[in-house]
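These notes are about the structure you will find just below.
The values are calculated or read from the model by the stated rules, or taken from the named source; none is laboratory data. Remember, it's a predicted structure, so these values are computed and weren't measured experimentally. Cβ atoms come from the backbone with ideal geometry, glycine included; neighbour counts cover every protein chain shown. SASA here: full protein model, heavy atoms, side chains in, ligands and nucleic acids out. Shrake-Rupley method; radii C 1.70, N 1.55, O 1.52, S 1.80 Å.
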Amino acid sequence: MDASLGLNQSLRTEQNLSPQMLQSLALLPMPILELKAHIQAEIEANPALEIPDSEFSNTLQEGPEQRTLDDRMDDADASDYENMSYSDGGFDPEASDRKQMMIENSSAPSQTLKEHLTEQLGETQVPQNIRTLCEALISNLDQNGFFILPLDELTEKLNPSKEDLEKAVSVVQSFDPAGVCVKDFRESLILQAKMSGMAKEDLEHFSEMVNNHLEKLKAGKFKEVASALRIPEEDVQTLFSILKSLTPYPGQNFSSEALNAVEPDFSIRNKNGKLVLELNRSDIPDLEISPEFESLADDLKGPEAKEATAYIRDHVRQAKTLITQVNLRFQTLYKAAAAIMDYQSEFFLNGPRYLKTMTLKDIADIVGVHETTMSRLAQSKWVDTDWGIFQLKYFFSQGVASTSGDQNSVSRNVVKDMIAEIVAENGSLSDQKISDLLLSRGIKCARRTVGKYRSELNIDSSYTR
């Protein structure tokens, strides 16, 4: 065996990522809170970064005028940072103050629904046994204000009398916000109407309308609903206008333990029948390079000038890279959010039951990025909608076959919601029975698939239930 040393020449192709590309990939998956912390750390560490006077003024100014979406996207589209215009003049003594204000500017944690209700309970004079029941009821509410466990399961250990339980429920339901301490959004809407002082006969018609005719009302079939309720069509329209003024999920205006560290990266809202997209750039200023710091290298002389000049130019280069990558992140996020808004318009207009099947590739092709880039972007992002706050990845799901023959007509998330609703309404049904009920609703879902989705929803088997 020849063990001698020698030189061999070979060709190979390999890809190396530049520091700029690595930073871009690092910023892309960051949620807004983490991005804020990252930028704050960069501002503290890099003297080349500066918050513009105009940004500082916009932050402090309180008035009806707000920056438009086009203005924000102009910032995101800015790519020629070599040609940035800087203000002339000497040293700005307020630059460090502006930087410090941005660093210290953070939103105070909002009050959770449970904290809000508990605070009101503490100010209410009730017997101790009723207070104990009220505390149990409040602890059993989810972020929407609805029961997590059915009342009979919740009160099994406490074993209260029916009269005491009804009184405790009535006490909690009297608190702000109206419509909490109920089973679902339908009961919440009815309770809100009742608390508003609606007449008994009108409340009966309103309750039947909410329980049985919501889909017809959404379709504008007022005449058909009026015929079913045996009241004039004008009364139906009046009740419907009242319905639209109520909040189906009253607890959504409060933070929750699960979401108290979550800040949406963008919002999509229905405003007068038109979807409006807004990026969240609160507390994130449009950074620029400090002209005073950059000009320091021009006046340096002596043996240490070379090292100092290299230090200044290195920090200026890092600052420009950060500005470029932050704006690129927002630009890509905006394009993806706009594509999702168009693709899932029925969801944002009508609710979760209208969620369509959508894959990462669908949106990546529209935005013009690779599927892996879209996967990074979807990580740890949240979107604020009229139907609650959702993780961005919630909108990406495979389809389930329907009786119409379209293999991808119904999202798996919608099917899961249907399964949870069926179990909540019917109790201990077997997976096969749930599958049969889904089929009656036009969804083909095998028994084993039902069992899989039920497990993902943390719902026990029918035997355990």
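List pairs: first residue in the range 16-42 and over 30 Å from Phe390 (Cβ atoms), second residue open to solvent by less than 70 Å² (accessible area, probe 1.4 Å) and at pLDDT 80 or above anywhere in the structure, Cβ distance under 9 angstrom, at least six positions apart or on different chains.
Pairs that qualify, where the first residue is over 30 Å from Phe390 (Cβ atoms) and the partner is open to solvent by less than 70 Å² (accessible area, probe 1.4 Å) and at pLDDT 80 or above, are Pro19/Thr321; Gln20/Thr321; Gln20/Thr324; Gln20/Gln325.
Looking for whichever is crowded, with 18+ Cβ neighbours inside 10 Å and polar (S, T, N, Q) here; the options are Ser267, Ser290. Which one fits?
Unique residue meeting the criteria: Ser290.
Which one is modelled with the lowest pLDDT among residues in the range 373-427 that are more than 23 Å from Asn144 (Cβ to Cβ) and either acidic (Asp, Glu) or open to solvent by 70 Å² or more (accessible area, probe 1.4 Å) (or both)?
Taking the candidates together, the pick is Gln407.
Give the residue that is nearest to Leu333 (Cα to Cα), with candidates limited to residues of the range 260-277 that are modelled with pLDDT of 90 or more and among the β-branched types (Val, Ile, Thr).
Ile268
Hey, among Phe293, Phe347, which residue is part of a helix (DSSP H, G or I), more than 33 Å from the chain's Cα centre (by Cα) and among the aromatic types (Phe, Trp, Tyr)?
Numbers: Phe347 fails: more than 33 Å from the chain's Cα centre (by Cα).
Answer to the selection: Phe293.
Exactly one condition in (1) among the aliphatic types (A, V, I, L, M); (2) touching a Phe, Trp or Tyr at 6+ places or on another chain (Cβ under 8 Å); (3) assigned to a helix (DSSP H, G or I) is false for Ile389; which is it?
(3)
For Gly273, are the conditions met, namely being open to solvent by 30 Å² or more (accessible area, probe 1.4 Å) and either within 28 Å of Leu149 (Cα to Cα) or out of contact with any helix residue (DSSP H, G or I) (no Cβ under 6 Å at 6 or more places or on another chain) (or both)? Before the answer, list the steps.
On the way: open to solvent by 30 Å² or more (accessible area, probe 1.4 Å): yes; either within 28 Å of Leu149 (Cα to Cα) or out of contact with any helix residue (DSSP H, G or I) (no Cβ under 6 Å at 6 or more places or on another chain) (or both): yes.
So Gly273 passes the test.
Which of the residues belonging to the range 137-150 are open to solvent by less than 20 Å² (accessible area, probe 1.4 Å) and part of a helix (DSSP H, G or I)? Lay out the reasoning, then the answer.
The initial filter retains those residues of the range 137-150 that are open to solvent by less than 20 Å² (accessible area, probe 1.4 Å), namely 137-138, 140-141, 145-146.
Once the filter is applied, which keeps residues that are open to solvent by less than 20 Å² (accessible area, probe 1.4 Å) and part of a helix (DSSP H, G or I), the range 137-150 yields Leu137, Ile138.
What tally of residues in the range 151-191 results from selecting those that are of a type outside the set (Asp, Glu), touching a residue at least 12 places away in the same chain (Cβ under 8 Å), outside any helix (DSSP H, G or I) and open to solvent by less than 70 Å² (accessible area, probe 1.4 Å)?
So the answer is 9.
Out of the residues in the range 309-325 that are surrounded by 14 or more Cβ atoms within 10 Å (Cβ to Cβ) and aliphatic (A, V, I, L, M), which is farthest from the chain's Cα centre (by Cα)?
Among those residues, the one meeting the criterion is Ile312.
Which numbered condition trips up Thr238, out of (1) in a helix (DSSP H, G or I); (2) modelled with pLDDT of 90 or more; (3) among the β-branched types (Val, Ile, Thr)?
The number of the failed condition is (2).
For residues that are surrounded by fewer than 12 Cβ atoms within 10 Å (Cβ to Cβ) and within 21 Å of Cys181 (Cβ to Cβ), tally how many sit in the range 195-211.
Step one: filter the range 195-211 for residues surrounded by fewer than 12 Cβ atoms within 10 Å (Cβ to Cβ), giving 197, 199-201.
Still in the running and within 21 Å of Cys181 (Cβ to Cβ): 197.
Counting residues in the range 195-211 that are surrounded by fewer than 12 Cβ atoms within 10 Å (Cβ to Cβ) and within 21 Å of Cys181 (Cβ to Cβ) gives 1.
Of Leu349, Leu328, which residue is open to solvent by 50 Å² or more (accessible area, probe 1.4 Å), at pLDDT 90 or above and not acidic (Asp, Glu)? Step through it out loud before you land on a result.
Details: Leu328 fails: at pLDDT 90 or above.
Only one candidate qualifies: Leu349.
Could you give every pair whose Cβ atoms fall below 7 Å, whose first residue belongs to the range 249-276 and is among the small types (Gly, Ala, Ser), and whose second residue is modelled with pLDDT of 90 or more and open to solvent by 60 Å² or more (accessible area, probe 1.4 Å), counting only separations of at least 6 or pairs across chains?
Qualifying pairs under 7 Å: Ser267/Glu278.
For Leu229, all conditions in the list (1) touching a His at 6+ places or on another chain (Cβ under 6 Å); (2) surrounded by fewer than 17 Cβ atoms within 10 Å (Cβ to Cβ) hold save one; what is the number of the exception?
Unmet condition: (2).
Rundown of residues vs (1) out of contact with any strand residue (DSSP E or B) (no Cβ under 8 Å at 6 or more places or on another chain); (2) modelled with pLDDT of 90 or more, yes/no style:
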{"position": "Glu156", "(1), (2)": "yes, no"}
{"position": "Leu165", "(1), (2)": "yes, yes"}
{"position": "Ala168", "(1), (2)": "yes, yes"}
{"position": "Ser188", "(1), (2)": "no, yes"}
{"position": "Met198", "(1), (2)": "yes, no"}
{"position": "Ser207", "(1), (2)": "yes, yes"}
{"position": "Lys218", "(1), (2)": "yes, no"}
